[in-house]
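To start, the structure itself, in structure tokens.
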Amino acid sequence: MRDALIAGAVAAAVSGAPSTLVTLAKGEDVLMGARGAGAIALPREDRTLPLLAAAVPVHLALSVGWAVVLDLLIPPGAELAGGLAGGLAIAALDLGVIGRRLPAIRGLPQPRQWADHVAYGLTVGAVLARLRAP
């Protein structure tokens, strides 16, 4: 469990880098993704501050929760490949199934969100590999 908590926390901190970098490069609203995450907990809210406040625990809980799942499923020695596959599977569920029902998630640029999920999975895998190493 300790390894999953660490991997999830690290991945939570860095997994938004792909979408953030593209969003900044395009001069778009960098808070759009965070508001989308906050809308998971507060679907009727449209004010930025409450959505950002809700986004932090939502993002952290999802990141750590999925890291626990990946830690249980990925065998030792297959952390990067397992993390990549896990990130893609999580994206399919989060974006393709659940997110389609949430306008704030559905409205996000989807390729960027998939890239964030891949970054998440690879980060979890890399951290797990490091923590599992003898």
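The values are calculated or read from the model by the stated rules, or taken from the named source; none is laboratory data. Just so it is clear, the model here is predicted, and its values are computed rather than measured. Because the Cβ atoms are built from the backbone with ideal geometry, glycine has one as well, and the counts that use them run over all protein chains shown.
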### Task
Within the stretch 61-107, work out how many residues are surrounded by 15 or more Cβ atoms within 10 Å (Cβ to Cβ), of a type outside the set (Gly, Ala, Ser) and closer than 16 Å to Met1 by Cα.
9
### Task
For the stretch 94-113, name all the residues that are under 15 Å from Thr23 (Cα atoms) and free of Cβ contacts under 8 Å to residues at least 24 places away in the same chain.
Gln110, Pro111
### Task
Would you check if Ile90 is free of Cβ contacts under 8 Å to residues at least 24 places away in the same chain, touching a helix residue (DSSP H, G or I) at 6+ places or on another chain (Cβ under 9 Å) and assigned to a helix (DSSP H, G or I)?
no
### Task
Would you tally the residues in the stretch 1-14 being surrounded by 14 or more Cβ atoms within 10 Å (Cβ to Cβ) and closer than 24 Å to Arg47 by Cα?
1
### Query
What are the pairs, 6+ residues apart or on separate chains, where a residue within the stretch 9-35 that is farther than 13 Å from Gln113 by Cα has its Cβ under 6 Å from a residue that is among the aromatic types (Phe, Trp, Tyr) and in a helix (DSSP H, G or I)?
Ala11/Tyr120
### Task
For residues that are farther than 17 Å from Leu62 by Cβ and assigned to a helix (DSSP H, G or I), scanning just the stretch 21-33, find the one that is modelled with the lowest pLDDT.
Met32
### Task
Name the single residue, out of those in the stretch 34-56 being surrounded by 15 or more Cβ atoms within 10 Å (Cβ to Cβ) and not in a helix (DSSP H, G or I), that is nearest to the chain's Cα centre (by Cα).
Leu42
